[in-house]
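Just below is one structure, and these are the notes that go with it.
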Amino acid sequence: MNTAAAAEWAATDDGPEHRRPGRRLAAWCAGLLFIGVSVVVGFRTADSDGITPVPQLLAFLPWLLAPTALALLLALLSRWWLGMLWGVVLLGLLAWYTDPYGKVGDPVGRPVAELRVLTSNVEFGQGTASLVATVRREEPDVVFVEECDYACDARLKADLSQDYPHRRAVEGGGSEGSVILSRFPLRPTAGVPGTMGMPGAVADVDGHPVRLQLAHPMPPLPGQVDLWKRELGALRHAAATDRGIPLVLAGDFNASQDHAVFRRILDTGLYDASRLDGADRTATWPASTAPTFGAQIDHVLVSEDFGASRARVLDVAGTDHRAVVTDLTLHERR
């Protein structure tokens, strides 16, 4: 390109007042997309969940790569160079935060026990029949069931009590009921208070005590974000107490690793079993669009006493959640 041509090109395309109408529209659309994504990324950078709609969008943080890439393309087409820089920075931050949160390490003591854990939200009991079939196929040692209404509770007693003679439950209708089923003997604990049932117990796993805690805080619905934060805070408090006993904290957390309140639970020293086995970021909700699109809000969290293998996410008919099952190895503490 000669000097005269370059000068003519710069004069007609440099600055929004010189852009053609189509390019101005593309730049405006790009700017609006960048602003929306920047708000969400800004709260993620600030280690805060913010207010509605930020917590809801944070659950799908990796998917914000799509509107950011679209905005970057629009900025390129409109020759908006500052917008292109903006988009590249946003893409870099999103890629950085898509990486799994926190560090993990291998247990140092010798293995002393094995157990398979499964957690499933059966959506007001609608997925109970499919869950029973899944449990019989996967043969977990401990089962955490959320949104187990009265009919679900009765079905589990009728169909699974022979294989799982030990249980801890908070009975309730709709989403309030929750159950822990176990092959191992259970000693009851106070559990965690919440709007929906979150029972707890200590299991005798081949002579080794393991604390079991079901998680099911309120979802971050508009108008209930503060309640969601408080109930996840109560789970964090439960995770941070009684550290002398190995812990399995499992269930529907209604939160992903991109939520600050969930990361604070991990910061107590817990690891996500899916992360330990390389299955992090596998979507568990909503089941109708997962794994193509969704968020990982169902988790099996374990203390550093455990190793994990064969972490899998399973489809369960009749519910909007996918189940999570993983094999855990308990190691002796030094």
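Only Cα pairs under 8 Å and at least 6 apart count here; give the relative contact order of the range 231-328 as a rounded whole percent. That works out to 28 percent.
Can you tell me, using C-alpha contacts under 8 Å and at least 6 residues apart, the relative contact order of the range 99-252 as a whole percent? Numbers along the way, then the final one.
Numbers: 299 pairs, mean separation 28.4, N = 154.
Dividing the mean separation by the residue count of the range 99-252 yields 18 percent.
The angle between the Cα long axis of helix 81-98 and the main principal axis of the chain comes to about 10°, on a 0 to 90 degree scale.
Magnitude of the charge dipole for the range 270-324, about its Cα centre and with charges confined to Cβ atoms of Lys, Arg (+1) and Asp, Glu (-1), is about 180 debye. What you get for the range 14-95, charging only the Cβ of Lys and Arg (+1) and of Asp and Glu (-1), is a dipole of about 380 debye around the Cα centre. Taking the chain as a Gaussian network, Cα atoms linked when under 10 Å apart, which of 81, 228, 63 shows the biggest mean-square fluctuation? Its mean-square fluctuation being the largest, the pick is 81.
Give the carbon-plus-sulfur fraction of the accessible surface of the chain in %, rounded to a whole number; probe 1.4 Å, heavy atoms of protein chains only. Mind dumping the intermediate values first?
On the way: 8900 of 14990 Å².
Using a 1.4 Å probe with all protein chains present, the chain comes out at 59 percent carbon and sulfur.
Placing unit charges on each Cβ (+1 for Lys and Arg, -1 for Asp and Glu) gives the chain a dipole about its Cα centre, and among 203, 161, 287 the Cα reaching farthest toward its positive end belongs to 287.
The value for the range 37-88 of Rg(Cα) / (2.2 N^0.38 Å) is 1.25. Computed from Cα atoms, the angle from the helix 65-77 axis to the main principal axis of the chain rounds to 0 degrees. Cysteines in the chain lacking any other cysteine Cβ under 4.7 Å from their own Cβ: 29. Heavy-atom accessible surface of the chain, averaged per residue, reaches 45 Å², computed with a 1.4 Å probe. What FRET efficiency, computed as 1/(1 + (r/R0)^6) with R0 = 35 Å and r the Cβ-Cβ distance, is obtained for residue 99 and residue 162, rounded to the nearest 0.05? Between residue 99 and residue 162 the formula returns 0.20. Across the chain, the mean sequence separation of Cα contacts (distance under 8 Å, 6 or more residues apart), normalised by length, yields a relative contact order of 18 percent. Helix 21-45 and the long axis of the chain differ in direction by around 30°, with both axes built from C-alpha atoms.
The values are calculated or read from the model by the stated rules, or taken from the named source; none is laboratory data. All of these numbers come straight from a predicted model, not from anything done at the bench. All Cβ positions, even for glycine, are placed from backbone atoms using ideal geometry, and neighbour counts span all protein chains on display. Accessible surface areas use protein heavy atoms only, side chains included; no ligands, DNA or RNA. Shrake-Rupley method; radii C 1.70, N 1.55, O 1.52, S 1.80 Å.
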